[in-house]
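Here is the structure we will look at, set down as structure tokens.
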Amino acid sequence: MEGGVTSVLRWVVKVTEGAAAVLIGFIVCCNAAQIFCRYVLLDPISWTDEAMRYAMVWVAFLAGSALVFRQEHMALNVFDTIKSKAVVWLLKTFVLVSIFGFALLLIIYGWPLAIRNIKQFSPSSQVPLVWAYLAVPVGGVLMAVYAVWLLIFPKSAPVIEDDVESFHP
């Protein structure tokens, strides 16, 4: 069971990282278009600032959840220099429980916030604000699942094959 679930979680991490990368590309394109239209055409685009802001919220929660699963979150890497395995285990467990608690808060408070904004639209782009606010509980669910999995199966901490290090010649 552990191997199958770990494989599914790795796939979800890759999908969320891919989505975050696409959103970053979208942000860069929006920013370039805004600069071009504002300073060359002298006719700025009204919706790009909002679109970039909402996309950045999604990037933060999607990429942040992937960091939890990869154990690349800054709080988890701080313990790499400690020699005592018991102390490292205790501190990493504390951090993962804290991440889980924070993720629960994101879910508990983020979901009602998203639902309250279901009928509200952004001023310029007219995007339903529920889509921007849904990033909070979705990121919370991902972080909670990853933290629980790493608490139950600490040895399944992933070494994802397509890390940057694997691209070195």
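Of all residues in segment 113-133, those being touching a residue at least 12 places away in the same chain (Cβ under 8 Å) and aromatic (F, W, Y) number 2.
Note on segment 106-139: residues that are aromatic (F, W, Y) and outside any helix (DSSP H, G or I) amount to 1. When segment 1-52 is filtered for residues that are part of a helix (DSSP H, G or I), over 27 Å from A147 (Cα atoms) and touching a residue at least 40 places away in the same chain (Cβ under 8 Å), the ones remaining, listed by number, are D49, E50, A51. For G110, the conditions (1) without any contact (Cβ under 8 Å) to a residue 12 or more places away in the chain; (2) closer than 23 Å to E17 by Cα are fulfilled apart from (1). Residues of segment 6-19 that are closer than 15 Å to M143 by Cα, hydrophobic (A, V, I, L, M, F, W, C) and touching a helix residue (DSSP H, G or I) at 6+ places or on another chain (Cβ under 7 Å): L9, V13. You will find that of A19, A32, the residue that is surrounded by 12 or more Cβ atoms within 10 Å (Cβ to Cβ) and either at pLDDT 95 or above or more than 27 Å from S124 (Cα to Cα) (or both) is A19 and no other.
The listed residues are W58, W89, and the only one of them that is in a helix (DSSP H, G or I), touching a residue at least 60 places away in the same chain (Cβ under 8 Å) and more than 22 Å from the chain's Cα centre (by Cα) turns out to be W89. Summed over segment 109-138, residues that are at pLDDT below 90, surrounded by 14 or more Cβ atoms within 10 Å (Cβ to Cβ) and of a type in the set (S, T, N, Q) total 2.
The values are calculated or read from the model by the stated rules, or taken from the named source; none is laboratory data. In this text the structure is predicted, and so the values were computed from the model without any measurement. As a convention, Cβ positions derive from the backbone with ideal geometry for all residues, glycine included, and neighbour counts pool all protein chains shown.
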